[in-house]
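The values are calculated or read from the model by the stated rules, or taken from the named source; none is laboratory data. Note that the structure is predicted; figures quoted are calculated from it, not measured. Don't worry about glycine lacking a Cβ; one is built from the backbone with ideal geometry, like all the others, and counts go over all protein chains shown. The protein model used for the area step is the full one, side chains on, heavy atoms only, and it has no ligands, DNA or RNA in it. Shrake-Rupley method; radii C 1.70, N 1.55, O 1.52, S 1.80 Å.
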Amino acid sequence: QVQLVESGGGLVQAGGSLRLSCANSGRTFNGYSMGWFRQAPDKEREFVAAITWSGGVSMYADSVKGRFTISRDKAKNTVDLQMNSLKPEDTAVYYCAASRRYYGPRPSEYDYWGQGTQVTASS
């Protein structure tokens, strides 16, 4: 059973940083590729970043490249998203997702989703 729980969202001034974490109810993420997505009001869910189950390969949306970093912390059993230089347009609910068979930016290919955590970057 995969039950994803995000944490770390909040309110920050533009230019600030936040670190999001995604945990699997105490179980490991072994064998799962992981993705972070976000959804702003009245917009479709969009890809942010993804990482393979080994943690050796990752990809990013162009809008966050160079500012966000996805990583796996095997000691803590989490998948984290470090967000630096936040902009007002980064404001959204952020979701983590897991897939056994897919690594990439398409949300429809992910099997499991968390409930989301709100990130607000104020100008």
So which pairs qualify, if the first residue must be in the range 1-13 and farther than 14 Å from Gly116 by Cβ, the second must be of a type in the set (Gly, Ala, Ser) and open to solvent by less than 30 Å² (accessible area, probe 1.4 Å), the Cβ gap must be under 7 Å, and the two must be at least 6 apart or on different chains?
Val2/Ala98; Val12/Ala121
What pairs come up if the first residue lies in the range 68-84 and is open to solvent by less than 40 Å² (accessible area, probe 1.4 Å), the second is in a loop (DSSP other than H, G, I, E, B) and among the polar types (S, T, N, Q), and their beta carbons are under 6 Å apart, counting only those six or more places apart or on different chains?
Asn77/Thr28
Of the residues in the range 104-123, how many are more than 18 Å from Ala23 (Cβ to Cβ) and either without any contact (Cβ under 8 Å) to a residue 24 or more places away in the chain or surrounded by fewer than 18 Cβ atoms within 10 Å (Cβ to Cβ) (or both)?
9
